[in-house]
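A quick write-up on the structure given underneath.
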Amino acid sequence: MMSKLRTDLALLTEWIEPHSHVLDLGCGEGTLLVHLRENSHITGYGLEIDDDNITQCIRAGVNVIQTDLDKGLSDFEADAFDYVVMTQTLQAIRRPDKLLQEILRIGREVIVTLPNFGHWRARLSLALGRMPYSRALPHHWYDTPNIHLCTLDDFEQLCDLLNIEILQRAVADPDHQTSGIMRLLPNLMGEIALYRLKNSVK
Amino acid sequence: MPEKIADDSVGLVTPQRQRFTEALHLDCGRDLPEYEIIYETYGQLNAQASNAILICHALSGDHHAAGYHSMDERKPGWWENCIGPGKAIDTHRFFVVSLNNLGGCKGSTGPNTINPETNKPYGPDFPIVTVRDWVESQARLAKTLGIEQWAAVIGGSLGGMQALQWSLQYPDKVRHAVVIAAAPKLSAQNIAFNEVARQAILSDPDFHAGHYYEHQVVPRRGLILARMLGHITYLSDDAMRAKFGRELREGTLNFGFDEAEFQVESYLHYQGRSFVDRFDGNTYLLMTKALDYFDPASLHEHDLARALAHVTAKFLVISFTSDWRFSSARSREIVQALLHDRKTVSYMEVNANQGHDAFLLNIPQYINGFKAYMEHVAAEVNNDV
C-alpha cells in the first residue's frame, strides 16, 4: 500500500496531525484513509458515490458513507472534523464555491488538491487553439468530469472572496515533484496544487 | 419443490425449539410466565463461540430463513439469497441463528398457541410485544446457545430495527449491526398504512374480537386486504409499472367488478390469498404495533444520537433508492446519529427500482458490499482468540 501511495497523499499525511478526525470527500478506494489510519492513527469517514469504490472501502475496513457531493453535506454538523480532505474532486463538482463553504463549515481545516489550468502547457495548448490534454488533465473536453477547472490565481481569488484563509500551499507536477521555479511561479509552472485552508472568520 | 438442492444452499434444515420458564417482563407491563421459541441454525459455532450471527425477521418473516424443510418444499427460506455456503452470510464461516419472534405464528409462543392458563389459544389476550421485548427474548436464546456476543445482528425492515435495538440494549453483546431498509421510527404515513391494515382485520366479521380460532374461521378478507395494502407499499411505482403496466388478464375490459381484470389486481389477490394460508391475523396486528411503537430516541428527548451514545457495535447501514416505505432518508437519520458520536459506520445507498422488497433480492451492488462487509467480520472474529 505504501509504495503505491500517491505522493500527493504522502504530502497530505504530513499536513494532518496524528489522532485527528478526518473526512475524505471522494475517497475512492479509501487509500488515503487507510494510510492515515495506519500511520497517523486518525479516525474518520470517506464519502464516495461509486458502488465499486464503496465495496473496496468496505473490504479495506474504511468507514465509507455513500453520498452524492452535489447534494450537499447537511448530514454533517459544524466543526465535526479536524480536517476535511478533497483530492482532485472540487473541479468536478456542480458548485465548487458552495461546496467549499460547506466543507469549511464541517471541518476546522480543509485540504484541497486541484489541477492548475494556468500551467504554461495548458496556456500554450489554448494559444494554439486546442483544449489542454496532459497528465494532470487526462481527459478530452467531451468526456472530462472536470466541469469547473480554474487557475491557481482564480482559486485564490475565490478564497479571498469567501473569507477563506490559505494556511499552506504546495505546487507540484503529476509525479508530485516540486522545484524552485514552481514555487517562484506557481500559477505558470505548477501542474497540481495542494491547499490547506481555514475559514478566516470562524 | 427442489429437484436437487443447489450447492450454495444450506440444504435440508430442521427447526428446533427452546422452552423458557423464567417469566419475561414485557414493556406493556405484563409478564409472559413461560414461552417457547422456534429457531433454526446454519453452520457451526466455533470453539470461541465468536462467529454467531443473529438474523432478525421482518413483519411477515419467520425462523425459516434458509434451506428447505423437506424435498417437498416448494420454496427455500426467505433469505436464501444471502445465507448459505459462500454467500454474503457465509455458513462456512458463521454460525447463523434465525428465530420466530414472540407473538409470531410459526411456532414460537404467540396468539395461535395455547395459553397454559386457559388451555385455549391466546388469541387477543396475547400481550403486545415490542422490539425491546424481542431483543430480551433473543438474548435469552443466545444464552442457552452459549453465545456471549454476536459477531453480527442482521435484519431488514422490522428486522433492522431489532438489530439497531440490540446495539443499544446490549452494547457489549453485539460486534456488528447490519441494518437494512429500516428506519429509527415509523413516520405518520407508515403508521397510517398499518392502521388501515389493522382495521381491515379488526372489522372482518370473522374476526370475533380475535377469538376466531374457537369459531373455526379466520378473518380471511381482512388479512387479504391487509396483505394487499402491504404489498403496494413494498413495491415502487416503477417496479409495478415494469412488472404489470396496465396489462389485462384477458386482453379486454369486462365492465364488471367480479374478477381481477388488470394483472396488478390479480397479483395483489394472489399475494393476499396465499398469505391467509400461512399467516395469523392476531400476529399481523401485533407485528404492526411493534413497528408503530419502535422509537428508541423517544427515551432520550427524541435525540437519536443520544440514544446511540453508548453503542459500541460497528454498523453497516443499507438503503434502497426506490424504497418509499422506509426511504433512504430514514436510514441516513441512523447514519447521522452514528456520525455524531464518531461511531464506526458505513452506509450504502443502493440504486434499485424494486422498492422496499429490494432487501430480499439479489442485487449485485447490494450483495457485493454486504458480502465484503461480512468477509471483514469473519476475518475479525476468526482472528479473535
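The values are calculated or read from the model by the stated rules, or taken from the named source; none is laboratory data. On a predicted model such as this, the values are computed, not experimentally measured, just so you know. Neighbour counts are summed over all protein chains in view; Cβ atoms, including those assigned to glycine, are modelled from backbone coordinates with ideal geometry. Ligands, DNA and RNA are excluded from the accessible area calculation, which covers all protein heavy atoms including side chains. Shrake-Rupley method; radii C 1.70, N 1.55, O 1.52, S 1.80 Å.
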Worksheet, complete the sentence: Nearest-0.05 FRET efficiency for residue B:16 and residue B:214 at R0 = 35 Å, using Cβ-Cβ distance, is 0.70
Worksheet item: Helix A:152-161 versus the longest principal axis of chain A: what is the Cα-based angle in degrees, 0 to 90, to the nearest 10?
Response: 60
Item to complete: Would you kindly derive the ³J(HN,Hα) couplings of segment B:88-104 from the backbone phi angles with the Karplus curve 6.51 cos²θ - 1.76 cosθ + 1.60 (θ = phi - 60°), listing them in order in whole Hz, with x for Gly and Pro?
Response: 3, 9, 7, 6, 6, 10, 10, 9, 9, 10, 9, 10, 9, 5, 4, x, x
Worksheet, complete the sentence: Which residues qualify? For residue B:130, with a placed amide H closer than 5 Å and at least 5 residues away or on another chain, they are B:27
Worksheet item: How high is the FRET efficiency from residue A:94 to residue A:163, r the C-beta distance, R0 22 Å, rounded to 0.05?
Response: 0.50
Worksheet item: For peptide A:50-59, how many partner chain Cβ atoms fall within 10 Å of a residue's Cβ, on average?
Response: 6
Worksheet item: Which entries of B:143/B:343; B:314/B:371; B:143/B:173; B:185/B:243; B:4/B:75 show an alpha-carbon separation above 21 angstrom in the structure shown?
Response: B:143/B:343; B:185/B:243
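Please work out the average accessible area per residue across chain B, using the 1.4 Å probe convention, and give it in Å².
About 42 Å² of surface per residue is accessible.
So what is Rg over Rh here for segment B:262-335, counting just Cα atoms and using Kirkwood for Rh?
Details: Rg = 17.5 Å, Rh = 15.8 Å.
Using only Cα positions, Rg/Rh for segment B:262-335 is 1.11.
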Worksheet item: Expressed as a whole percent, how much of the Cα-Cα distance distribution for segment A:8-156 exceeds 21 Å?
Response: 47
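Quickly rank A:161-168, B:205-212 as a protection proxy: mean count of other C-beta atoms within 10 Å, highest first. Let's see the in-between values first.
Details: A:161-168: 14.4, B:205-212: 15.9.
The most tightly packed comes first, giving B:205-212, A:161-168.
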Response to the item:
By the C-alpha gyration tensor axes a ≥ b ≥ c (rounded if a/c is under 1.5, else prolate when a/b exceeds b/c, else oblate), the shape of chain B is rounded
Response to the item:
Highest mean packing first, using Cβ neighbours within 10 angstrom, the peptides B:95-103, B:164-172, B:32-40, B:4-12 sort as B:95-103, B:164-172, B:32-40, B:4-12
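Let me check against my output: what whole-number percent is the relative contact order of segment A:7-199, with C-alpha pairs under 8 Å and at least 6 apart?
Details: 350 pairs, mean separation 36.6, N = 193.
Worked out over segment A:7-199, it gives 19 percent.
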Item to complete: Express the carbon and sulfur contribution to the solvent-accessible surface of chain A as a percent, rounded to the nearest whole number, probe 1.4 angstrom.
Response: 51
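Which order do the peptides A:149-157, B:301-309 take when ranked by the mean count of other beta-carbon atoms within 10 Å per residue, highest first? Walk me through the numbers on the way to the answer.
Working: A:149-157: 18.3, B:301-309: 16.6.
Result, highest mean first: A:149-157, B:301-309.
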Item to complete: Decide, for segment A:39-107, between rounded, prolate and oblate: order the square roots of the alpha carbon gyration tensor eigenvalues as a ≥ b ≥ c, take rounded if a/c falls under 1.5, and otherwise choose prolate if a/b is larger than b/c, else oblate.
Response: oblate
Worksheet item: What length, rounded to one decimal in nm, is gained on full extension from residue B:253 through to residue B:199, with 0.36 nm per residue of separation minus their alpha-carbon distance?
Response: 16.3 nm
Worksheet entry | Rounded to whole Å, sorted largest first: equivalent-ellipsoid semi-axes of segment B:296-351, Cα gyration tensor | 21, 14, 7
Worksheet, complete the sentence: Computed curve, segment B:77-164, Cα-only Debye sum without solvent term, log₁₀ I(q)/I(0) at 0.20, 0.22, 0.23 Å⁻¹, is -1.06, -1.19, -1.24
Worksheet entry | Per-residue mean of C-beta atoms belonging to partner chains within 10 Å, peptide B:331-340 | 3
Worksheet item: Running Debye on the protein assembly as shown with equal point scatterers at the Cα sites and no solvent, what base-10 log of I(q)/I(0) appears at q = 0.05, 0.06, 0.09, 0.13 Å⁻¹?
Response: -0.27, -0.38, -0.78, -1.30
